[in-house]
Structure formats: C-alpha cells, structure tokens
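> For reference, the structure I am asking about is given below.
The values are calculated or read from the model by the stated rules, or taken from the named source; none is laboratory data. Computed from a predicted structure; not experimentally measured. Counting neighbours? That spans all protein chains shown, and the Cβs are built from the backbone with ideal geometry, glycine included. Calculation scope for accessible area: heavy atoms of the full protein, side chains included, ligands and nucleic acids excluded. Shrake-Rupley method; radii C 1.70, N 1.55, O 1.52, S 1.80 Å.
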Amino acid sequence: MKENLSVNLKNASGFISYEEVIALAQQSARHLDTLNSGTGPGSDFLGWLSLPDDILQQLDRIEKTARHIRSVSDTTVVIGIGGSYLGSRAVIEALSHSFSPLLKSKHHDVIFAGQNICEDYLSDLLEILDGRDYSIVVISKSGTTTEPAIALRILKDHLEKKVGKAVASDRIIAITDAKKGSLRTLAETNSYETFVIPDNIGGRYSVLTPVGLLPIAISGFDIRALIKGAIAMKEITRNNKNASSNPSLLYAAARNLLLKHGKSIEIMVGFTPKLHYMSEWWKQLFGESEGKDGKGIFPASVDMTTDLHSLGQYIQDGQRILFETMISVENPGKKLIIPGEKDNSDQLNYIAGKRLSEVNHNAQTGTILAHNDGNVPIITINILSLDEYHIGQMIYFFEIACAISGYILDVNPFDQPGVEAYKKNMFALLNKPGYEEASKEIKERLK
Ligand code: PA5
C-alpha cells in the first residue's frame, strides 16, 4: 500500500469506464487553473487553497493556547455549528480512543455544544459540567449564528457562576471574524483570547484554520502532522493537471459521471465507527457546496458493518440511484486476536486465531462484491492508517475534489444561500427585532 491516499475505480468499472473517467478528469483539469487564478464563481473564498502553508506561522500560538487550556481545565466545551464544528469533531473522533469519556487515565475531554438547540442536550451538559473544571472554545465566523450564541450565553453564565468572571475570561477562547459580529464584540468586552477566521475561507473549508486546529490540539493531537499531510496532498493535487495521478480530479470526475448515469445519491461508507464524523464533515462539504440551483449529488453516509443490518437492505435492493464511496483504511491502530474455544459452542472456531481486522476486511470485500452485484458502483479511497498525517491528506483531497466537482456541475461551490431560509422564518416566529413584517406574514400563513 502506498503512503499517499489513492482512488480506486475498479469497483465502479461496470458502470463507468476508466477511459471515460480519465477523459472527464482531464477536461476538468482546467478548473484547477480557474481555482488557482481565482477567476471562477466564489473566488472570494479561496483562502483554503494555500491554507496548509499559510497556517504554519500560527501553529506555535495555537499549541501554546492548547497547552494553557489543558493545564487549567480537565474538559473543553467546543461551541459551534456546521463548518465551525464538524471538521474538528471529525478529526478528534477519528483519532480518539473509542471510549475516551470513560477512560480512567488522566486525559482532557473535548465535548461539543451549540450544534443544536435541544433543551435536554444543554441541560444534560450543564449537569456534567457542574462536576468538571472546564474551558470553552466558541467558534462562529459570522459571530451571529443563533445556535452557538445561545449555547455560549448559557455556558458563559454557568462558568462565571462557577469560577468567577475573571477566571472565566481566562478560560473562554473565541474564534471569529477579525472585526465584525457580536462574538467579536463580546470577546473584546470580556478580554477573551481570540483567533481569527480569515474572510476568504468559508466555514466548511475552515478545518485547517484555528477553527479545527485549536480543538484538535486541545484534544492532544499532533496538528503539525495533520498540516504536513494536507501539504503533501496539496503538492499532489493543486497544480497537477495529469488526471491519472491527481486523485481529486479522478474522484470529482467519477462521481459526476455516475450522476450522469442516474446515480444521484452518494453514500460515504466507513468500516470503522471512528470515521462516522468524517462522513458528517464530508456530507456538509459536498452537500452545501453542490446542492443548489436544482443540482447536486445527495451525500449520505453509513457505518459498516453496523448499517449492513439496517440500510444495507436498501443499498442492496432498493431504488438503483445510489453509488458508494468507501474509505478503506489499511492498518488498524490496534491488534486483537479472536480466541479459540474448546467446545466451539458459538461455532466461531473457523476464525479463531485471526485478527478482527481480517474479518472486517473480508466483510468489506464481501460487501463490495454484493453491492456491485446489486448494481451499486463503488469508488474506493485508500488510506494507510487513521493518523493525523493521513487525515490531513484526506481533508485537502476532499476539499479540492469538492471545488472541482462544483465547477463541473456549474455551481458556485463556495456559497450556501439555501441555509438562510429557515433562519428567516425562525427569527420571524421569535419576533426578532427587524423581522416585524416577516413576523406578520408567517403568523398569517400559520393560521
Ligand atoms: O459552511 C458554512 O459556511 C456554514 O455551515 C457555517 O459554518 C455555519 O452556518 C456556522 O456559521 P458561523 O461560523 O458563522 O457561526
């Protein structure tokens, strides 16, 4: 297995030929020029392209702040939603012990809030935080998003009552716009340490800024290795117009060809629960970037083998509008051998002595063959292991593939006009000042 992420189209070849993919990928290489010259739609939001290099100068400060937070608290609550939440959660969950909150050994817990407005969720969280010595990292690019703003108001009040205003101010870090938004004002009023989200980087492309890196560093993971992986993938993709050696071009072309063949739903498949939030991050990246103007592939996800016992039925046998993108991780982080048993009452001795990963690998191969037989094409993304370096590669790989794919679809991959619709209605229903007219209209509509 190669050190770098690779894309394998063998299990899609019954549906799209390699030659077709190469032809579209080669034709789409011009979108790299459009990105690099900043001449396409959404060109105000291309800061992420050079981010892995640009962020290097901030790593010392991010690490210093992470050390400080770890030294003064045992838990950090990261407040944010969408692009200000999913990237850090994806990386942290992929790298963490599967049961980290239950670990007895001393470690720093990172938990999340502000990604919903559920009363029970925040009440339960407050109960936990009563017994914790905690810090808060609040992230909002606009500084005005309702969900994180509510969570911050509640948690700030809780923390200030618990440790006093001065100590709370030392334990709240804000990551937001350089100048505007109510979070910026609040941070300045309360003298919180702040990090800036650059204007030219949209939320879903911001994981390699302090938005993702600070929570990841607070969790104890190596952000330098993550960035190193992203830089390596940048070298492979950003200026590489040779389709066959540019995995982002191949992936973008393959999924668009499958769409042309009527496969309008793409399911991200992982065979480890550690990838669950990576899929969530990917769904936001592609869903918000492509789903507009009546276009786009609907991004969904499953965790295998868990979901083979639920959605597996639909994938095998339901409407034939699906394709899968499978993340295949070569090396597990740990080793576990299935023990033998003298009386073999569970009839598992045929796999005794094997590693669990061998069984999982065979489940994966069996699934690929079964789904191919059920007319489901599969794109495979191979990575060596779930570590910081390879996750960094994967992040940059998907970001550039998403931008190219958006341009193939002829949409602006960097805006998200559709997310405003629910906000306007919610503000009108809650009588937010400035929404008086909308308020009257919506109440009329609900009569
Ligand atoms: O990708 C995006 O732009 C969105 O998902 C935002 O990240 C999300 O709405 C949160 O916005 P903000 O960071 O301004 O609070």
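> Would you work out the relative contact order for the stretch 143-208, in percent, from Cα pairs under 8 angstrom that are 6 or more residues apart?
Details: 57 pairs, mean separation 20.5, N = 66.
Reported as a whole number, the value is 31 percent.
> So, one more: Roughly what would the spin-label model give for ILE128 and LEU102, points 7 Å off Cα along C-beta, in nm?
Going by the 7 Å Cα→Cβ label model, 1.4 nm.
> Normalised by the empirical 2.2 N^0.38 Å for globular proteins, what value does the Cα Rg of the stretch 91-183 take?
Numbers: Rg = 14.2 Å, N = 93, 2.2 N^0.38 = 12.3 Å.
Compared with the compact-globule rule of thumb, the stretch 91-183 sits at 1.15.
> Write down the accessible area per residue of the stretch 47-222 in Å², having rolled a 1.4 Å probe over the full set of protein chains. Numbers along the way, then the final one.
On the way: 7420 Å² over 176 residues.
On a per-residue basis, 42 Å².
> Considering only protein heavy atoms, what is the solvent-accessible area of ILE128 at a probe of 1.4 Å, reported in Å² to the nearest 10?
90 Å²
> Within 10 Å, count the other beta carbons around each residue, average over each peptide in 315-322, 426-433, and list them highest first. Intermediate results must be reported in sequence, preceding the final value.
Details: 315-322: 14.9, 426-433: 13.4.
Highest mean packing first, the order is 315-322, 426-433.
> Now for a separate question. If you project the alpha carbons of the stretch 1-58 onto the principal axes, what extent comes out on each, in Å, largest first?
Ordered largest first, the stretch 1-58 gives principal extents of 45, 31, 13 Å.
> With an 8 Å cut-off on Cα pairs and a minimum separation of 6 or more residues, tell me the relative contact order of the chain in percent. Mind showing how you got there, number by number?
Numbers: 746 pairs, mean separation 107.0, N = 447.
Answer for the chain is 24 percent.
> Above 27 Å lies some portion of the pair distances; for the chain, what is it as a whole percent of all C-alpha pairs? All intermediate terms of the calculation are to be shown ahead of the outcome.
Details: 56448 of 99681 pairs.
So the pairs more than 27 Å apart make up 57 percent of the total in the chain.
> Another question about this same structure. Can you give me the solvent accessible area of THR380 with a 1.4 Å probe, rounded to the nearest 10 Å²?
10 Å²
> Round to the nearest 0.05 the FRET efficiency obtained for ILE265 and LYS423 when R0 = 30 Å and r is the Cβ-Cβ distance.
Numbers: r = 27 Å, r/R0 = 0.89.
The computed FRET efficiency comes out at 0.65.
> While we're on this one: Could you compute how much accessible surface TRP281 exposes when probed at 1.4 Å, giving the result in Å² to the nearest 10?
Estimated to the nearest 10 Å², TRP281 gives 10 Å².
> Also, quick follow-up: When the dipole is taken about the Cα centre of the stretch 31-158, and only Lys, Arg (+1) and Asp, Glu (-1) are charged at their Cβ, what size is it in debye, to the nearest 20?
Dipole magnitude for the stretch 31-158 comes out near 360 debye.
> Given the DSSP H assignment, sum -39500 (n - 2.57) over each helix run of at least 4 residues in the chain and divide by its residue total; what's the result at 222 nm in deg cm²/dmol, nearest 500?
Details: 18 runs with 211 residues, N = 447.
Taken over the chain, the calculation gives -14500 deg cm²/dmol.
> Along the Cα→Cβ direction, 7 angstrom out, place labels at HIS68 and ASN36. What is the inter-label distance in nm?
Here the answer is 4.0 nm between the modelled labels.
> Something else now. Given bins 5 angstrom wide, list per bin the percent of all Cα-Cα distances in the stretch 1-134, short to long.
With a bin width of 5 Å, the distribution comes to 2, 7, 9, 13, 15, 12, 12, 10, 9, 7, 4, 1, 0.
> Something else about it: Averaging over all projection directions, find the projected area of the Cα convex hull of the stretch 47-222 and quote it in nm² with one decimal place.
Numbers: hull surface 37.7 nm².
So the mean shadow area of the Cα hull is 9.4 nm².
> With the full set of protein chains in place, find how many percent of the accessible area of the stretch 304-438 is carbon and sulfur; take the probe as 1.4 Å.
Working: 3710 of 6950 Å².
Carbon and sulfur together cover 53 percent of it.
> List, in the order given, every pair from LYS283/LYS447; LYS292/LYS334; LYS241/LYS263 whose Cα-Cα distance in the structure shown is over 30 Å. Let's see the in-between values first.
Numbers: LYS283/LYS447 36 Å; LYS292/LYS334 42 Å; LYS241/LYS263 26 Å.
Too far apart for the 30 Å limit: LYS283/LYS447; LYS292/LYS334.
> Starting from the 7 Å offset along Cα-to-Cβ, what nm value, one decimal, do you get for the label separation of ARG61 and ASN190?
About 2.0 nm separates the two model spin labels.
> Can you give the relative contact order of the stretch 274-386 as a percent, counting alpha carbon pairs under 8 Å and 6+ residues apart?
Working: 103 pairs, mean separation 35.6, N = 113.
Relative CO of the stretch 274-386 lands at 32 percent.
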